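Inspection log for the structure reproduced underneath, given as structure tokens.
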Amino acid sequence: MTRPAAIACAAAAAAALSLSTCLSTPAAAADGTPPPDKIVIDVVAVNGSGCPAGTANVNVSPDNTAFTVSYSHYVAQVGVGAKPTDFRKNCQLSLNVHVPQGFTYAVAQADYRGFAHLEPGAKGLQRASYYFQGMSQTTYTNHNFTGPHSEDWQVTDTTDLDAVVYAPCGALRNFNINTELRVDAGTSDPAKTTSFLAMDSTDGSINTLYHFAWKQCPKR
């Protein structure tokens, strides 16, 4: 399908971190100030129909408060020009966040952006969940869109600080991000129209942003 040039959507960025060496659970540290050393994030694996090889990138903010993920081919669509399987796209990122010694981290907030064109009667869904390797997956957070809709979109997932799950001190655990886009033609006519929901970027101007929460590990 030929998508309107207006589809400049979605994410950019990455992060780098080296893991703390403490062997106990994180203590409520200082004031949540990010570590001063540069954070490094390695992309261990990228899987899914929404992020074919070479279409997702991760970068860290200079102040270590967040990292961004950019996609260049993350679009779900139904209707003219769409394949039967295009109604759903997903992506799983597995990241190795190298945290400076004495610190651990969590992700307290995620800001998702994109572009949607939904014909009258069509519906869209964006959902995401997160978990550390070997730990329970969080519940998916869903965001719904209804047509008619033809503009940029932005949604935010926020976790209360007292419910934030931190990486265990002294254990190297990959951080996994699962996202999904879906489009349902609903009462629109897919034989004559096309509806899509995108979380990709042609120019890097729209980012998916993940906000770090920091703690210091207890000293041994």
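Condition check ((1) among the aromatic types (Phe, Trp, Tyr); (2) touching a strand residue (DSSP E or B) at 6+ places or on another chain (Cβ under 7 Å); (3) more than 22 Å from Ser61 (Cβ to Cβ); (4) outside any strand (DSSP E or B)) across all residues:
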{"site": "Arg113", "(1), (2), (3), (4)": "no, yes, no, no"}
{"site": "Gly121", "(1), (2), (3), (4)": "no, no, yes, yes"}
{"site": "Gly124", "(1), (2), (3), (4)": "no, yes, yes, no"}
{"site": "Ala128", "(1), (2), (3), (4)": "no, yes, no, no"}
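Taken together, the residues in segment 134-170 that are closer than 19 Å to Ala45 by Cα and open to solvent by less than 70 Å² (accessible area, probe 1.4 Å) amount to 2.
Just one of the listed residues (Arg173, Arg182) is open to solvent by 40 Å² or more (accessible area, probe 1.4 Å), under 18 Å from Leu93 (Cβ atoms) and of a type in the set (Lys, Arg), namely Arg173.
Would you confirm, using the coordinates I've provided, whether Asn64 is modelled with pLDDT under 90 and either part of a strand (DSSP E or B) or open to solvent by 20 Å² or more (accessible area, probe 1.4 Å) (or both)? In short, no.
Listed by first and then second residue, the pairs linking a residue in segment 88-105 that is at positive phi to a residue that is surrounded by 16 or more Cβ atoms within 10 Å (Cβ to Cβ) and assigned to a strand (DSSP E or B), with Cβ atoms under 8 Å apart and 6 or more places separating them unless they lie on different chains, are Gly102/Gln216. Residues in segment 144-183 that are part of a strand (DSSP E or B) and not small (Gly, Ala, Ser): 21 in all.
Hey, among the residues in segment 67-104 that are of a type in the set (A, V, I, L, M) and part of a loop (DSSP other than H, G, I, E, B), which one's farthest from Ser188 (Cα to Cα)?
Val99
Residues in segment 37-61 that are of a type in the set (A, V, I, L, M) and outside any strand (DSSP E or B): Ile39, Ala53.
The values are calculated or read from the model by the stated rules, or taken from the named source; none is laboratory data. Keep in mind it's a predicted model, so treat the numbers as computed, not measured. A quick note on method: Cβ atoms are made from the backbone with ideal geometry, for glycine too, and the neighbour counts reach across all protein chains shown. Heads up: the accessible areas ignore ligands, DNA and RNA and are worked out on the full protein's heavy atoms, side chains in. Shrake-Rupley method; radii C 1.70, N 1.55, O 1.52, S 1.80 Å.
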